[in-house]
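Visitor: I'd like to ask you about the structure that follows.
Computed from the coordinates by the stated procedures, all read-outs in this text should not be read as laboratory data. Keep in mind it's a predicted model, so treat the numbers as computed, not measured. Cβ placement follows ideal geometry from the backbone for every residue including glycine, while neighbour counts extend to all protein chains displayed.
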Amino acid sequence: MQIVVNGEAQEILSECTVFQFLENKAVTLKAAVVELNGKILTQEHWQSTFLHADDRLEILIFMGGG
């Protein structure tokens, strides 16, 4: 199944939760903000929200610096 992540099409093998997808991509979860189909998805919903074909996922990672 295909989804769009940060503007790029990606193939995933089966439906998975947002949390599973982020873990698989080794995303630093504490520093991430996720937008799914144009709406911010809070971390408390990552484990219960499944990705579906043609979903659009934007992942922002915040980094500290000086």
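Visitor: Under 12 Å from the Cβ of Glu35, count the other residues' Cβ atoms, weight Lys and Arg +1, Asp and Glu -1, and hand me the total. Let's see the in-between values first.
Guide: Details: positive: Lys39, Arg56; negative: Asp55, Glu58.
With Lys, Arg at +1 and Asp, Glu at -1, the net is 0.
Visitor: Please work out how much length the chain gains when fully extended from Ala53 to Val27, using 0.36 nm per residue of separation minus the C-alpha to C-alpha distance, in nm with one decimal.
Guide: Numbers: separation 26, 0.36 × 26 = 9.36 nm, distance 2.10 nm.
Here the segment from Ala53 to Val27 would lengthen by 7.3 nm.
Visitor: Same structure again: Along the charge dipole of the chain, pointing to its positive end and built from +1/-1 on Cβ of Lys, Arg, Asp and Glu, which listed residue (Phe19, Ala9, Ile61) has its Cα farthest out?
Guide: Ile61
Visitor: Also, I was wondering about something else. Amide H to amide H under 5 Å from Leu41: which residues, 5+ apart in sequence or cross-chain, H placed 1.01 Å off N in plane?
Guide: Residues meeting the amide H criterion: Val34, Glu35, Leu36.
Visitor: Let me know the volume per residue of the alpha-carbon convex hull for segment 16-57, in Å³.
Guide: 63
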